[in-house]
Amino acid sequence: MSALSDQLLVVAIMSYVAAMVCHAAEYAFGNQSHIGRAASRPARELVAVGGGSTAVLDEVVEEVDEAPPPRRDRAAIAGMAAVVVTAIAALVHLGTLVTRGIAAERMPWGNMYEFVLSVTFVGTAAWLVVLSRRPAIRHLGLFVATAMVLLLGIAGMVLYTEVAPLVPALKSTWFIVHVMAAVLSSGIFLLGFVPAAMFLIRSGYDRGKRAFPYSLGRRVPEAAALDRLTFRLHAFAFPIWTFGALIAGPIWAEAAWGRYWGWDPKEVWAFISWIVYAGYLHARATPSVKRTTATWIAVIGWLTMLMNLFGVNIFFTGLHSYGGL
């Protein structure tokens, strides 16, 4: 099963690469996204002209009559193919986790390699759910697929470890509760980082900036839509992170080590991430704070999550050093 899991990981990465290529084709050759334009377009009122005639209504009807019928161009087909391939990649990704868990006879969350596999799967699954509800944001799939390829590539080439039993400190019911909360919230924070970064790029593009990376903002959804998506994803993930990092974690620590909090490097950075994301949600809900300022806080939050995942396990030694490297 362990060998099968390794092979499925390769298939999953190649599937994400294929999805990325399809999304890139739609992104490069498709029409500019129109998400949010209907909502931002001012409503047209009927104005009586002359003897009560409705000139504006006639104009609207004329525009509708002259509008060409919608058609599916090749770029749109590439975009739909990208979604299908992403769904296939997610299934293969899930197979990678399931076979790894069967081989280890435990939940596949015992080291950095397995944790990254789980977080990226949650990110992909959350993306497919969001996309099913908001198909107009499909252009973001290019950046979601790119993130999955990079993280899974790092997991397979740098973080990979052979299947092994859990260390004694992890053999607890709280292992499932605490780590599951961390996996779910981290995966959604990962997905939330994508619209946050693209909001900053799109906002710069709307202000007239055309140098890279602002040139990428031409075909992504409107800034207002990206801002709303960023907020909703973070607002959903934050309570889960709070439970996993600041409630379930200390309870488990008291049972395993005899103290609720010991300022271990992992605990410190989990708390830093919590503070930053709380700051983002507070800033986002404060009218006097610019949306770009609030979104930068969300981006910094994801950087602290990366430090918590990679930096703590690689550069520090503590009770949470279960990276397996």
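The values are calculated or read from the model by the stated rules, or taken from the named source; none is laboratory data. As the structure is a computational prediction, the values presented were derived from the model and not from experiment. All Cβ positions, even for glycine, are placed from backbone atoms using ideal geometry, and neighbour counts span all protein chains on display. For accessibility, only protein heavy atoms count, side chains too; no ligands or nucleic acids. Shrake-Rupley method; radii C 1.70, N 1.55, O 1.52, S 1.80 Å.
Taking the criterion of being crowded, with 16+ Cβ neighbours inside 10 Å and without any contact (Cβ under 8 Å) to a residue 12 or more places away in the chain, would at least one residue in segment 181-188 satisfy it?
Taking every residue of segment 181-188 in turn, none turns out to be crowded, with 16+ Cβ neighbours inside 10 Å and without any contact (Cβ under 8 Å) to a residue 12 or more places away in the chain.
The rows are residues; the columns are (1) within 22 Å of Asn308 (Cα to Cα); (2) among the acidic types (Asp, Glu).
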position	(1), (2)
Glu114	yes, yes
Leu117	yes, no
Val129	no, no
Ser132	no, no
Leu150	yes, no
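Please find, within segment 83-98, the residue that is most open to solvent (accessible area, probe 1.4 Å) out of those that are among the hydrophobic types (A, V, I, L, M, F, W, C) and farther than 14 Å from Tyr16 by Cα.
Val98
Restricting to segment 250-259, count the residues that are modelled with pLDDT under 90 and either in contact with a Cys (Cβ under 7 Å, 6 or more places away or on another chain) or open to solvent by 40 Å² or more (accessible area, probe 1.4 Å) (or both).
The number of residues fulfilling the criteria is 6.
Thr230: closer than 22 Å to Gly123 by Cβ, in contact (Cβ under 8 Å) with a residue 60 or more places away in the chain, open to solvent by less than 40 Å² (accessible area, probe 1.4 Å) and touching a Pro at 6+ places or on another chain (Cβ under 6 Å), yes or no? If you could, list the steps in order and put the result at the bottom.
Working: closer than 22 Å to Gly123 by Cβ: yes; in contact (Cβ under 8 Å) with a residue 60 or more places away in the chain: yes; open to solvent by less than 40 Å² (accessible area, probe 1.4 Å): yes; touching a Pro at 6+ places or on another chain (Cβ under 6 Å): yes.
Answer is yes for this residue.
Just wondering, is there one or more residues in segment 305-317 that are among the β-branched types (Val, Ile, Thr), in contact with a helix residue (DSSP H, G or I) (Cβ under 7 Å, 6 or more places away or on another chain) and at pLDDT 95 or above?
No, there is no match, as no residue in segment 305-317 is among the β-branched types (Val, Ile, Thr), in contact with a helix residue (DSSP H, G or I) (Cβ under 7 Å, 6 or more places away or on another chain) and at pLDDT 95 or above.
So which residues in segment 269-306 are open to solvent by 70 Å² or more (accessible area, probe 1.4 Å) and in contact (Cβ under 8 Å) with a residue 60 or more places away in the chain?
Across segment 269-306, the qualifying residues are Arg291, Trp296.
Select from segment 17-39 the residues that are open to solvent by 50 Å² or more (accessible area, probe 1.4 Å), of a type in the set (A, V, I, L, M, F, W, C) and at pLDDT below 90 and list them in ascending order.
Within segment 17-39, Ala28, Phe29, Ala38, Ala39 qualify.
Could you run through segment 99-129 and say how many residues are in a helix (DSSP H, G or I), open to solvent by 30 Å² or more (accessible area, probe 1.4 Å) and in contact (Cβ under 8 Å) with a residue 12 or more places away in the chain?
Within segment 99-129, residues that are in a helix (DSSP H, G or I), open to solvent by 30 Å² or more (accessible area, probe 1.4 Å) and in contact (Cβ under 8 Å) with a residue 12 or more places away in the chain number 6.
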